[in-house]
Amino acid sequence: MTLKKLVAAGLCLVIGVQVLAMLTPDRRFVLVIVGVAVALVLLALRWYLARGTGYESAEPPINDAEESLRRWLSRTETLISWSESTRSDWDRHLRPMLARQFGIATGQKQNKNRDGFRATGRMLFGDELWAWVDPENVARTDQHVPGPGRGALDEILRRLEQV
């Protein structure tokens, strides 16, 4: 039952009780009877609001920390699977994310100073790992060759963490 239906039913009950009380020949108890009806309606309304909307759903309440950890774990497993997949997956999914994280960590903007961006990347990662972070090193051919793997991703993330 929704709140609107509960309030409408309570209002109808109070009006009905008041009409019945007015039809009685002894009207000394009209105020008491209507007061009891109003009290019952207010108690029902309070009970409805106190039980909350969670009563209707059978699912337990969601723990935000648990849900956040579950999403992080899922994202991490996906990143690892992309790192162990083909170069195409690496270029499509990991390279943009790593280049963005590199730009944020170092404060370098690729579109403002390309040479500085590349030099900082080579200095931080070395030539071998920079080839897997450099956003301009996307392969147009050989997309089905294996990517660098989990070890390279781990090393890149470790170096980004140190910045």
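The values are calculated or read from the model by the stated rules, or taken from the named source; none is laboratory data. Values in this document were obtained by computation on a predicted structure and should not be read as measured data. Glycine gets a Cβ as well: all are built from the backbone with ideal geometry, and neighbour counts include every protein chain shown. In case anyone asks, the SASA skips ligands and DNA or RNA and just uses the protein heavy atoms, side chains included. Shrake-Rupley method; radii C 1.70, N 1.55, O 1.52, S 1.80 Å.
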Item to check | Sole residue being at pLDDT 85 or above and either more than 28 Å from the chain's Cα centre (by Cα) or not in a helix (DSSP H, G or I) (or both), chosen from Phe102, Phe125 | outcome: Phe125
Checklist outcome for this item: Only one of (1) at pLDDT 85 or above; (2) surrounded by fewer than 11 Cβ atoms within 10 Å (Cβ to Cβ) does not apply to Arg51, and that is (1)
Checklist entry - Applying the selection to region 4-22, what residues are of a type outside the set (S, T, N, Q) and open to solvent by 70 Å² or more (accessible area, probe 1.4 Å)? => result Lys4, Lys5, Val7, Leu11, Cys12, Leu13, Ile15, Val19, Leu20, Met22
Checklist outcome for this item: Looking across region 70-90 at residues that are exposed (fewer than 11 other Cβ atoms within 10 Å of the Cβ) and of a type in the set (Ser, Thr, Tyr), the single one that is farthest from Trp132 (Cα to Cα) is Ser74
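With the structure loaded, tell me whether Trp82 is in contact with a helix residue (DSSP H, G or I) (Cβ under 7 Å, 6 or more places away or on another chain) and in contact (Cβ under 8 Å) with a residue 60 or more places away in the chain or whether it fails that test.
Against the criterion (in contact with a helix residue (DSSP H, G or I) (Cβ under 7 Å, 6 or more places away or on another chain) and in contact (Cβ under 8 Å) with a residue 60 or more places away in the chain), Trp82 qualifies.
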Item to check | Check on Gln110, part of a loop (DSSP other than H, G, I, E, B) and surrounded by 11 or more Cβ atoms within 10 Å (Cβ to Cβ) | outcome: yes
Checklist entry - Only one of these conditions is not met by Pro61: (1) part of a loop (DSSP other than H, G, I, E, B); (2) modelled with pLDDT of 80 or more. Which number is it? => result (2)
Checklist entry - Assuming Pro25 fulfils every condition listed in (1) open to solvent by 60 Å² or more (accessible area, probe 1.4 Å); (2) within 30 Å of Trp130 (Cβ to Cβ); (3) at pLDDT below 85 apart from one, which condition is it? => result (2)
Item to check | Given (1) open to solvent by less than 60 Å² (accessible area, probe 1.4 Å); (2) farther than 30 Å from Arg150 by Cβ; (3) modelled with pLDDT of 85 or more, index of the condition Leu43 fails | outcome: (1)
